[in-house]
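Trainee: Please find one structure pasted underneath; my questions will follow.
The values are calculated or read from the model by the stated rules, or taken from the named source; none is laboratory data. Predicted, not measured: the structure shown is a model, and the values here were computed from it. Cβ placement follows ideal geometry from the backbone for every residue including glycine, while neighbour counts extend to all protein chains displayed.
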Ligand code: GUN
Ligand code: FE
């Protein structure tokens with residue numbers, strides 16, 4: 001099962017190509033091409049099913065997955081700070097602006113040391129693959145060698161990724177020990193990483209892509225923001241940044257630029273197709289419209305928003321307006337590297353919008369707030385196909401033309417058994433139980449582009 005390219009898989013599982021709808025497939029055949037793309041999907045009962053099964057058997061290309069194992073699309077994590085992995089679950093006790101200066105900038109500054117970067121980035125990519133994250137959108141640091149190393153590790157280990165060199169040159173908001181010396185340094189470094197990734201001899205399938213990465217408006221001068229927008233256009237490269245994350249950040253941009261983050265990023269040319277805006281908690285209706293028109297996307301980081309924004313992103317409203325949205329762990333603003341936790345916190349935090357923090361609100365008053373709930377079906381879609389759509393990659397579902405990025409869940413893992421009660425529950429309910437109870441122990445195999453990149457045979 002290491003290499004499924006050229007094979008036909010017989011599998012049972014779930015995917016959610018459409019937001020809010022779960023498609024449960026049973027003993028389906030999935031034919032995977034030599035390039036890792038899904039070439040055919042056949043349900044039992046389809047006309048060609050028996051014939052396809054017979055010929056796959058004959059040519060010895062049939063791979064029968066174990067009966068009790070459940071196939072899911074790999075996760076797309078839209079927002080990860082790679083250098084912050086060592087402080088995951090740590091340093092969550094202060095507001096964003098204090099957290100950055102006290103804990104985060106000193107940690108990121110350590111990546112000037114390439115040996116430290118190698119130690120940290122190696123376990124990060126290994127752990128994320130083992131956790132089922134088949135596509136990762138990374139912020140790196142200001143250090144060119146360490147950023148190249150992160151991209152190289154993704155290519156070597158086969159993780160689909162966007163890797164960005166963080167740009168931050170504003171002496172007012174960035175410390176002397178961790179800041180770009182000037183606009184030129186940030187631009188040269190960013191262009192260098194784009195070139196490195198695009199010309200890498202082992203990256204022919206563009207498994208890893210560059211992404212232009214101003215940290216956020218407070219940490220950048222206007223000159224740098226404008227130049228990065230121009231650079232992204234010149235290199236036909238997408239972008240990522242933080243947008244209207246906390247009240248402090250949102251207020252800072254209103255005061256410095258007299259407009260919202262979204263409006264300001266747009267005038268610098270930083271809202272592009274596939275742009276990932278992390279958080280977006282304080283965006284307005286007209287910001288949403290602008291983000292939609294530009295085909296940019298929101299990385300919804302529910303756990304991090306609780307710790308650093310005291311806010312819940314109005315996800316339902318964004319979805320109803322047709323925005324592209326995916327989920328992000330925001331390692332280490334969020335204390336978990338698992339996209340299962342992102343799914344769970346997306347569901348639970350949306351419930352808080354119903355009555356906010358006011359325990360006095362009655363049921364009737366709450367219902368007047370409208371439809372704000374997010375259920376597991378929507379959250380699962382956002383963690384997979386929604387994320388893929390956000391960044392314009394053919395991943396996140398088992399449809400013809402998609403890359404075969406998948407995880408195999410073993411509910412019977414010896415040290416992590418998930419009780420499914422199949423005599424009581426079926427279909428979507430099984431998926432719900434898995435989403436809310438699975439741990440890394442249950443992820444038996446992880447494939448990217450049809451090649452196994454983590455795990456073992458069952
Ligand atoms: N805003 C600017 N930098 C960061 C960061 O590293 N994490 C989060 N959550 N927000 C930011
Ligand atoms: Fe972040």
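Trainee: Please determine whether any residue of the range 129-144 is part of a helix (DSSP H, G or I), more than 13 Å from ligand 1 (Cβ to nearest atom) and more than 19 Å from the chain's Cα centre (by Cα).
Mentor: yes
Trainee: Residue under question is residue 108, and the condition is that it be crowded, with 24+ Cβ neighbours inside 10 Å and outside any strand (DSSP E or B); does it hold? Let's see the steps before the verdict.
Mentor: Values: crowded, with 24+ Cβ neighbours inside 10 Å: yes; outside any strand (DSSP E or B): yes.
Answer is yes for this residue.
Trainee: Continuing with the same structure: Against the conditions (1) more than 16 Å from ligand 2 (Cβ to nearest atom); (2) buried (at least 20 other Cβ atoms within 10 Å of the Cβ); (3) more than 19 Å from the chain's Cα centre (by Cα), where does residue 283 fall short? Just the number, please.
Mentor: (1)
Trainee: Still on this structure, please answer the following. If I filter the range 156-171 down to residues being touching a residue at least 24 places away in the same chain (Cβ under 8 Å) and farther than 19 Å from residue 238 by Cα, which single residue comes out as surrounded by the most Cβ atoms within 10 Å (Cβ to Cβ)? Please lay out each step first, then the result.
Mentor: Of all residues in the range 156-171, those touching a residue at least 24 places away in the same chain (Cβ under 8 Å) come to 156-170.
The next check asks that each one be farther than 19 Å from residue 238 by Cα; those that pass are 156-158, 169-170.
Values: 156: 12, 157: 16, 158: 21, 169: 25, 170: 18.
Filtering first and then ranking leaves 169.
Trainee: Still on this structure, I have one more. Can we say residue 380 is part of a helix (DSSP H, G or I) and either at pLDDT 95 or above or within 16 Å of ligand 2 (Cβ to nearest atom) (or both)? Spell out the reasoning first.
Mentor: Values: part of a helix (DSSP H, G or I): yes; either at pLDDT 95 or above or within 16 Å of ligand 2 (Cβ to nearest atom) (or both): yes.
Answer is yes for this residue.
Trainee: Could you say which residue among 251, 274, 334 is in a loop (DSSP other than H, G, I, E, B) and surrounded by fewer than 24 Cβ atoms within 10 Å (Cβ to Cβ)?
Mentor: Values: 251 fails: in a loop (DSSP other than H, G, I, E, B); 334 fails: surrounded by fewer than 24 Cβ atoms within 10 Å (Cβ to Cβ).
Unique residue meeting the criteria: 274.
Trainee: If residue 252 satisfies all but one of (1) over 27 Å from residue 152 (Cβ atoms); (2) touching a residue at least 40 places away in the same chain (Cβ under 8 Å); (3) within 11 Å of ligand 1 (Cβ to nearest atom), what's the number of the condition it fails?
Mentor: Unmet for residue 252, out of (1) over 27 Å from residue 152 (Cβ atoms); (2) touching a residue at least 40 places away in the same chain (Cβ under 8 Å); (3) within 11 Å of ligand 1 (Cβ to nearest atom): (2).
Trainee: In the range 301-326, how many are away from ligand 1 (no atom under 14 Å from the Cβ), modelled with pLDDT of 95 or more and not in a helix (DSSP H, G or I)?
Mentor: 6
Trainee: Taking the range 90-103, which residues are surrounded by 16 or more Cβ atoms within 10 Å (Cβ to Cβ) and in contact (Cβ under 8 Å) with a residue 24 or more places away in the chain? Don't jump to the end; show me each part of the working.
Mentor: Kept after step one, since they are surrounded by 16 or more Cβ atoms within 10 Å (Cβ to Cβ), are these residues of the range 90-103: 91-92, 96, 99-100, 103.
Result: 91, 92, 96, 99.
Trainee: Being more than 19 Å from the chain's Cα centre (by Cα) and surrounded by fewer than 18 Cβ atoms within 10 Å (Cβ to Cβ) is the filter; apply it to the range 433-458 and report the residue that is nearest to residue 7 (Cα to Cα).
Mentor: 451
Trainee: Of the residues that sit in the range 155-166 and are more than 14 Å from residue 76 (Cβ to Cβ) and in contact with a strand residue (DSSP E or B) (Cβ under 7 Å, 6 or more places away or on another chain), which one is nearest to ligand 1 (Cβ to nearest atom)?
Mentor: From the range 155-166, those more than 14 Å from residue 76 (Cβ to Cβ) are 155-158, 163-166; that's our starting set.
This time we only want the ones that are in contact with a strand residue (DSSP E or B) (Cβ under 7 Å, 6 or more places away or on another chain), so: 155, 157-158, 163-166.
Values: 155: 24, 157: 23, 158: 26, 163: 16, 164: 12, 165: 14, 166: 8 Å.
Top of the filtered list is 166.
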